[in-house]
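The values are calculated or read from the model by the stated rules, or taken from the named source; none is laboratory data. Since this is a predicted model, take the numbers as computed values, not measurements. Cβ atoms come from the backbone with ideal geometry, glycine included; neighbour counts cover every protein chain shown. These accessible areas exclude ligands, DNA and RNA; they are computed on the full protein's heavy atoms, side chains included. Shrake-Rupley method; radii C 1.70, N 1.55, O 1.52, S 1.80 Å.
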Amino acid sequence: MADLNALFELLRETPEGAFFNPWYQRDPQHDRSEDCPRIRREQLRTYLSERFQTANYLLIAEALGYQGGHFTGIAMTSERILLGHHKPVHGIPADGAFRGIEPKRTSKKEVNAKGMSEPTATIMWKALYQLEIDPYQTVLWNALPWHPYDPEDGLLSNRTPTDDELETGYPALKLFLELYSDAEIIAVGRKCEQSLNHFGISHTAVRHPANGGAPKFRRQMKELVRN
């Protein structure tokens, strides 16, 4: 558990610039309460710790998004996934992320009545279940763990981080990989692939599921699992 504590200490250090730190900062306009950062820390800690003995695949994307980890604390995972609102349509049950605690939303209901929903998260989780990959065999993460937002558009926005900003996520990424040293590293998307190459981290690359990439992403993941 000491290594996991060390990871959270690294996550505490928000980079300079337009970044939101969901585990140690409150979104004053959109969070339900002052307790939201603690909830997101607890949810991420539970998600990570429940996979220590089961993780086979580390799926790493670029950066945290406002519709996903901004409010759940977990990469490529939306509130609707945690709350089970996608099960009837996409077959994503509520206990796929963790089972040790009760999942909670942290966004105000006025932001979205059923909780925030992220397209990338929905495609990712749906693909795992369609391919019959146990979600406890996978860990989702980002090369840059914090949420980069557009200062003109506010906290409910995303922006592409610069190469220099991506480097600030390297210490947390390195420690994260050490937690699951036996698992296969999969770069989700070109930008993350470039980052892992820059850091000298051996990996397999797959297409990002967003923007029409879902079919190719599913084919590539199916091939990885088969092999």
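Among the residues of segment 158-185, what is the count of those that are more than 13 Å from L144 (Cα to Cα) and of a type in the set (V, I, T)?
1
Scan segment 152-168 and report the pairs whose first residue is of a type in the set (S, T, N, Q) and whose second residue is loosely packed, with under 15 Cβ neighbours inside 10 Å and part of a loop (DSSP other than H, G, I, E, B), with Cβ atoms within less than 8 Å and a gap of 6+ or a chain change.
These pairs meet every condition: S157/D150; N158/D150.
Check whether at least one residue in segment 62-75 is under 21 Å from M221 (Cα atoms), open to solvent by less than 10 Å² (accessible area, probe 1.4 Å), at pLDDT 95 or above and of a type in the set (A, V, I, L, M, F, W, C), and report yes or no. Full working, then the answer.
Applying the first criterion (under 21 Å from M221 (Cα atoms)) to segment 62-75 yields 62-63, 74-75.
Those still in the list that are open to solvent by less than 10 Å² (accessible area, probe 1.4 Å) too: 74-75.
Remaining after also requiring at pLDDT 95 or above: 74-75.
Still in the running and of a type in the set (A, V, I, L, M, F, W, C): 74-75.
Yes, segment 62-75 has at least one match.
So that you can scan it fast, the table gives a plain yes or no per residue for (1) under 19 Å from K114 (Cα atoms); (2) among the hydroxyl-bearing types (S, T, Y); (3) open to solvent by 10 Å² or more (accessible area, probe 1.4 Å):
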{"position": "D3", "(1), (2), (3)": "no, no, yes"}
{"position": "A6", "(1), (2), (3)": "no, no, yes"}
{"position": "E9", "(1), (2), (3)": "no, no, yes"}
{"position": "P22", "(1), (2), (3)": "no, no, no"}
{"position": "C36", "(1), (2), (3)": "yes, no, no"}
{"position": "R45", "(1), (2), (3)": "no, no, yes"}
{"position": "L48", "(1), (2), (3)": "no, no, no"}
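Which number in (1) modelled with pLDDT of 95 or more; (2) not in a strand (DSSP E or B) marks the one condition that D3 misses?
Only one criterion is unmet by D3, namely (1).
Please enumerate the residues belonging to segment 190-227 that are touching an Asp or Glu at 6+ places or on another chain (Cβ under 6 Å) and of a type outside the set (K, R).
Residues satisfying the conditions are C192, A205.
Confirm whether I101 is modelled with pLDDT under 95 and of a type in the set (A, V, I, L, M).
Answer is no for this residue.
If you check R51, R32, R45, R41, which single one turns out to be more than 26 Å from D163 (Cβ to Cβ) and without any contact (Cβ under 8 Å) to a residue 40 or more places away in the chain?
Of R51, R32, R45, R41, the one residue that is more than 26 Å from D163 (Cβ to Cβ) and without any contact (Cβ under 8 Å) to a residue 40 or more places away in the chain is R41.
Is at least one residue of segment 94-107 touching a residue at least 40 places away in the same chain (Cβ under 8 Å), more than 26 Å from E167 (Cα to Cα) and touching a strand residue (DSSP E or B) at 6+ places or on another chain (Cβ under 8 Å)?
Yes, the conditions are met somewhere in segment 94-107.
Suppose the filter is at pLDDT 95 or above, surrounded by fewer than 24 Cβ atoms within 10 Å (Cβ to Cβ) and either within 13 Å of the chain's Cα centre (by Cα) or outside any helix (DSSP H, G or I) (or both); does R40 pass it? Quick ask: steps written out before the conclusion?
Values: at pLDDT 95 or above: yes; surrounded by fewer than 24 Cβ atoms within 10 Å (Cβ to Cβ): no; either within 13 Å of the chain's Cα centre (by Cα) or outside any helix (DSSP H, G or I) (or both): yes.
No.
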